[in-house]
Amino acid sequence: MTQSSTAKRRASQAPAKKFVPIPLLDLHRQYQLIREEVLAAMEQVCASQQFLLGAEVEALEREITAFTGASASVGCASGTDALWLALLGAGVHTGDAVITAGFSFFASASAIVRAGARPVLVDVDPGTLNLDPDRVKARLRAGGSYKIRALLPVHLYGQCADMDGLQSIADEFQLSVIEDAAQAIGAKWRGRNAGSFGATAAFSFYPTKNLSAYGDAGLVTTCDLNLAEHMRNLRNHGSPRRYHHEEVGWNCRMDAIQAAILRVKLSHLEAWTQQRRQRATTYDGLLADAGLVSKKSNSLVRPLHTSPHAFHVFHQYVIRAHRRDELRKFLGDRKIGTEVYYPIPLHLQPCFAYLGYSAGDLPESERAAGEVLALPMFPELTEAEQKCVVESIAEFYS
């Protein structure tokens, strides 16, 4: 037997390397820390037998209002419902058009359609992947046959969009601003909280969010008490009082149990946010120390840019990666969780073909869809796990 064949035989007999799973998100760790608080809150709701809206939802609305600096909050059944309520509350009507980012979760655009309006998709800033004010202004100056009534910037991955630039444009063109803050509870722009800028703002409490329910839930904030009252009617079949319907609304009320759970978690949110930010800083340092990040345009890995004006809450820690899909498979084989948010930009979704966009129309959104990769990110993630993630990325590119 030759030396090379002996080596191959030994290699085939060697036990496969065992990898310890590192999840993208691990809610079990969080639950163990707050289990008794959560169960007590749920028991209180069960004892009250008040399961929809009621005292727990009202208390959560007051607490989120204080947390964001808005004037009022309206709890609802999901983040998607929150977007719909926020659009109607801000005065978007059938036949209007609303500008939003071409690179976001589907609901950012589908809620506009549900409100009877037309999404106008604009490209994103390549550094932050948030809506680009310069491109928004160019689109507005180009005109068109549709009446644009509002801007819907998305605070993507937990970083506020450029609210200075977007508000200036909204003032110039007399547009309402509606924040899609689904991923950005606790985020700030120049010290001001997400949810306090626009006419309305939508939050999601989907189980994976920084502030998450044990099911689905959402909430709208506003600085206009009249809009808040309108949205409360809309979430309850358009009914200000039982069996009296002043308009056609929807059934999107918040469950009291979800509100109770969210109230428990809200008391921990600032600490969890700081832990997320610390883990983002750790990733930045580890990637740089591994030689994966450089200032060159052909860097193998590029973390997204954080604006100096933004307080980023890192709902996701996202890199742009060369050979992204191959890297993701490599990490998956080592039981490291990752996700692509989002693989298809909105203008190329089949259901939006009627909008008339083609490949190449929003090049930054299209490039992002081919490069973004979310790495494990949650408050309880350990530094040892982060080191393993980065070492595995370095191994892939070595």
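Brief remarks on what is shown
- Selection status of residue 343, open to solvent by 20 Å² or more (accessible area, probe 1.4 Å) and either touching a residue at least 40 places away in the same chain (Cβ under 8 Å) or part of a loop (DSSP other than H, G, I, E, B) (or both): yes
- Within region 136-178, being under 15 Å from residue 119 (Cα atoms) and either of a type in the set (D, E, K, R) or in contact with a Ser or Thr (Cβ under 9 Å, 6 or more places away or on another chain) (or both) holds for 139, 147, 149, 150, 151, 152, 153, 154, 176, 177, 178.
- Inspection of region 244-260 finds a residue satisfying the criterion of being out of contact with any strand residue (DSSP E or B) (no Cβ under 9 Å at 6 or more places or on another chain), surrounded by 19 or more Cβ atoms within 10 Å (Cβ to Cβ) and among the hydrophobic types (A, V, I, L, M, F, W, C).
- Identity of the residue in region 172-188, surrounded by 24 or more Cβ atoms within 10 Å (Cβ to Cβ) and not small (Gly, Ala, Ser), that ends up farthest from residue 228 (Cα to Cα): 183
- Close contacts from region 169-183, counting a first residue that is touching a residue at least 60 places away in the same chain (Cβ under 8 Å) and part of a loop (DSSP other than H, G, I, E, B) and a second that is open to solvent by less than 20 Å² (accessible area, probe 1.4 Å) and polar (S, T, N, Q), with Cβ to Cβ under 6 Å and a gap of 6+ residues or different chains, come to 182/204.
- Some residue of region 71-93 being among the β-branched types (Val, Ile, Thr), in a loop (DSSP other than H, G, I, E, B) and open to solvent by less than 10 Å² (accessible area, probe 1.4 Å): yes
- Residue in region 132-148 that is part of a strand (DSSP E or B), within 20 Å of the chain's Cα centre (by Cα) and in contact (Cβ under 8 Å) with a residue 12 or more places away in the chain present: no
- Extreme residue, nearest to residue 311 (Cα to Cα), among residues of region 122-171 that are surrounded by fewer than 16 Cβ atoms within 10 Å (Cβ to Cβ) and of a type in the set (S, T, N, Q): 168
- Positions within region 284-300 being modelled with pLDDT of 95 or more and surrounded by fewer than 22 Cβ atoms within 10 Å (Cβ to Cβ), in sequence order: 284, 285, 286
The values are calculated or read from the model by the stated rules, or taken from the named source; none is laboratory data. Here the structure is a predicted model, which is why all the values come from computation and not from measurement. Here the Cβ is made from the backbone with ideal geometry for all residues, glycine too, and neighbour counts use every protein chain on show. Accessible surface areas use protein heavy atoms only, side chains included; no ligands, DNA or RNA. Shrake-Rupley method; radii C 1.70, N 1.55, O 1.52, S 1.80 Å.
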